[in-house]
Every structure is written in structure tokens, then in C-alpha cells.
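Encoded as C-alpha cells, the structure appears first; notes follow it.
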Amino acid sequence: QVQLVESGGGVVQTGGSLRLSCTFSGRTFSSSYMGWLRQAPGKDREFVAAIGWSDSFTHYADSVKGRFTISRDSAKNTVYLQMNNLKPEDTAVYYCAADLSYRDVRAGVPSDWGQGTQVTVSS
């Protein structure tokens, strides 16, 4: 059974940075496509970023392109989301996601996700 545990959320001012981490267990990490989703209050969960088997294969939602960077460390079974130049509209619960299908991660419908970590950006 896949387990995903997020950390690194918090409160930051507009323009600040945070780095989220997600540790993965329960399956071979290298065989899983990974990603991040988020859900703001009163809104549906949405895709943020996805990464293939290497850092050279990534995709981002238009709203975070140029500000967020997803990466993975196979030695640590960990995926990261570096978030720079944060805006109030980035406030949400962020979920780590995993799936054997890259298409499902990008579509925001992964088979597995974590419990989430809260990110709050104050104006």
C-alpha cells in the first residue's frame, strides 16, 4: 500500500518561499509518477505539478509556471515542491500524489495521495 507523507507547509507573506516535501513508501519509487495537487477553501482540488522518472520531465499548471519547481530524489524516496514568489491565491491544502499513470497525475486524479499540508500566504 502506497503511503505519502507531506511536510513543509506554513504561513508566509506574499513574495515569500516555501519548500514542500513528500516521502513515499509502499512501492518502488522509481516506477511511480509523482505530483502535487492543491485545494483551496470552497474550490475543487486542482493539478499543480507533475514529474516523470527524472527532473527533465515535468509539467506545471499555468498559474504556477515560473514560480514553482518540482523535483525528486530517488535516494530518499522523496519529491519536493519549491514554491517561490508566493501569492495569496496560492493559499490551499497541498497534496502529494502518486500513480503508475502520468496522465492520471496530470489530470489531477491520481490513485494515491497524502493527507495534505496547509500553505497560507498572507497579503
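Here is a list: R72, R38, R19, R103. Which entry is under 15 Å from E6 (Cα atoms), open to solvent by 60 Å² or more (accessible area, probe 1.4 Å) and charged (D, E, K, R)?
Testing whether each residue is under 15 Å from E6 (Cα atoms), open to solvent by 60 Å² or more (accessible area, probe 1.4 Å) and charged (D, E, K, R) leaves just R19.
Could you tell me whether G42 is part of a strand (DSSP E or B) and either among the small types (G, A, S) or under 25 Å from V12 (Cα atoms) (or both)? Talk me through it step by step, then tell me what you get.
Details: part of a strand (DSSP E or B): no; either among the small types (G, A, S) or under 25 Å from V12 (Cα atoms) (or both): yes.
No, not satisfied.
Of all residues in the range 22-35, which are open to solvent by 30 Å² or more (accessible area, probe 1.4 Å) and part of a loop (DSSP other than H, G, I, E, B)?
G26, R27, T28
Give me a count of the residues in the range 45-54 that are touching a residue at least 24 places away in the same chain (Cβ under 8 Å) and part of a loop (DSSP other than H, G, I, E, B). Break it down stepwise before answering.
Step one: list which residues in the range 45-54 are touching a residue at least 24 places away in the same chain (Cβ under 8 Å), which gives 45-52.
If we keep only those that are part of a loop (DSSP other than H, G, I, E, B) as well, we get 45, 52.
Summing the residues that are touching a residue at least 24 places away in the same chain (Cβ under 8 Å) and part of a loop (DSSP other than H, G, I, E, B) in the range 45-54 gives 2.
Among the residues of the range 56-105, how many are among the charged types (D, E, K, R), assigned to a loop (DSSP other than H, G, I, E, B) and either within 28 Å of S122 (Cα to Cα) or under 14 Å from the mean Cα position of the chain (by Cα) (or both)?
4
Restricting attention to the range 7-20, which residues are in a strand (DSSP E or B) and closer than 10 Å to V119 by Cβ? Spell out the reasoning first.
Residues of the range 7-20 in a strand (DSSP E or B): 7, 10-13, 18-20.
Result: G10, V11, V12, L18, L20.
List pairs: first residue in the range 62-89 and charged (D, E, K, R), second residue surrounded by fewer than 17 Cβ atoms within 10 Å (Cβ to Cβ) anywhere in the structure, Cβ distance under 6 angstrom, at least six positions apart or on different chains.
R67/N84; R67/N85
May I ask you to list the residues in the range 88-100 that are more than 22 Å from G52 (Cα to Cα), surrounded by 14 or more Cβ atoms within 10 Å (Cβ to Cβ) and not acidic (D, E)? Outline the logic, then answer.
Initial filter on the range 88-100 (more than 22 Å from G52 (Cα to Cα)): 88-93.
Checking the rest, the ones that are also surrounded by 14 or more Cβ atoms within 10 Å (Cβ to Cβ) come to 90-93.
Those that are more than 22 Å from G52 (Cα to Cα), surrounded by 14 or more Cβ atoms within 10 Å (Cβ to Cβ) and not acidic (D, E): T91, A92, V93.
Consider A50 against the criteria (1) touching a helix residue (DSSP H, G or I) at 6+ places or on another chain (Cβ under 6 Å); (2) surrounded by fewer than 21 Cβ atoms within 10 Å (Cβ to Cβ): it satisfies all of them except one. Which criterion is unmet?
Failed condition: (2).
The values are calculated or read from the model by the stated rules, or taken from the named source; none is laboratory data. Just so we're clear, the structure is a prediction, and the values are computed from it rather than from any experiment. Cβ coordinates were reconstructed from backbone atoms using ideal geometry, including for glycine residues, and neighbour counts include every protein chain displayed. The protein model used for the area step is the full one, side chains on, heavy atoms only, and it has no ligands, DNA or RNA in it. Shrake-Rupley method; radii C 1.70, N 1.55, O 1.52, S 1.80 Å.
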